[in-house]
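The values are calculated or read from the model by the stated rules, or taken from the named source; none is laboratory data. Quick caveat, the model's predicted, so the values are computed rather than measured. Cβ atoms come from the backbone with ideal geometry, glycine included; neighbour counts cover every protein chain shown.
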Amino acid sequence: MKRIGVMILLVLSLTVSSFAFDGYVDITNDTGLDLYSILVRPEGDFDWGEDRLGDSILGDGNTVRIPLTNAPSSYFDILLEDEDGDTYTYLEFDISTGDIIVTLDDIDYDDVYGLEVTSWGPGGKFEGYVDITNETGFTLYFIQVSHKNTDSWGDDLLGDAILENGKTLTVNLVDYPNSRFDIRLEDEDGDTYTFWDVDVSSSDLYVTLDQLDY
């Protein structure tokens with residue numbers, strides 16, 4: 001009986017360990033700039049964890065090896081930031097298929113050009129903007145802005161774009177009667193976040209899970 005018990009424990013141990021992925025990814029900086037931070041997380045995880053470079057930098061032309069152990073799979077999200085504050089994001093990257101050579105072609109689009117839209121009002125003297133920052137841990141798919149005295153939400157301002165976690169959308173508001181607006185957002189799971197009577201002249205919007213509609 002003892003021998004059978006040992007065999008069962010051994011099988012269970014092998015089964016559990018078979019789900020743990022161990023490997024590494026080599027990241028080569030070919031941007032022409034220094035990289036100041038590298039964040040890596042398993043696919044589907046919301047926590048980026050610590051900067052893998054620590055107090056070091058990854059100079060142009062250099063390579064760093066990032067060990068990745070005890071992960072659920074070989075798929076990871078990888079986020080890098082250069083000396084100018086621009087970022088390079090690799091989502092669901094399978095490190096078992098190869099390494100990463102970072103170039104300027106990989107720079108995140110909205111970090112360079114700015115994710116920005118304009119909403120035109122019915123007429124008025126107010127012209128301003130509101131920065132909407134996604135801190136929910138999820139991707140936002142819809143953003144609607146309505147003037148306080150308007151019954152309709154209007155069109156989705158994102159259109160074909162999305163607002164990933166950690167990113168900011170600038171909404172320019174032109175020709176409105178005043179600076180007070182209602183703002184509604186929807187994430188990838190269909191959950192909504194509604195903000196009523198926001199005075200965009202005095203504050204921006206930081207969307208978190210605590211503001212989820214119930």
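Where strands (runs of 3 or more DSSP E) fall entirely within segment 65-104, those with at least 2 residues that are out of contact with any Lys or Arg (no Cβ under 8 Å at 6 or more places or on another chain) and free of Cβ contacts under 8 Å to residues at least 40 places away in the same chain are at 87-94. Could you list all residues from segment 183-209 that are outside any strand (DSSP E or B), among the acidic types (Asp, Glu) and farther than 20 Å from residue 44 by Cα? Scanning segment 183-209 gives a single hit, 204.
State all residues of segment 29-53 that are in a strand (DSSP E or B) and crowded, with 17+ Cβ neighbours inside 10 Å; if no residue qualifies, say none. Answer for segment 29-53, where residues must be in a strand (DSSP E or B) and crowded, with 17+ Cβ neighbours inside 10 Å: 29, 35, 37, 38, 39, 40, 42. When we screen 170, 150, 194 for residues that are among the hydroxyl-bearing types (Ser, Thr, Tyr), surrounded by 14 or more Cβ atoms within 10 Å (Cβ to Cβ) and closer than 30 Å to residue 31 by Cα, the only hit is 170.
Counting just the residues of segment 53-86 that are under 15 Å from residue 98 (Cα atoms) and of a type in the set (Val, Ile, Thr), which one comes out nearest to the chain's Cα centre (by Cα)? Among those residues, the one meeting the criterion is 78. Checked against (1) assigned by TED's automatic domain parsing to the domain that holds residue 154; (2) surrounded by 13 or more Cβ atoms within 10 Å (Cβ to Cβ), residue 125 meets all criteria but (2). Filtered by the rule that a residue be modelled with pLDDT of 80 or more and small (Gly, Ala, Ser), segment 3-52 gives 20, 23, 32, 37, 49. Comparison of 134, 165 shows that the only residue that is surrounded by fewer than 18 Cβ atoms within 10 Å (Cβ to Cβ) and under 26 Å from residue 90 (Cβ atoms) is 165.
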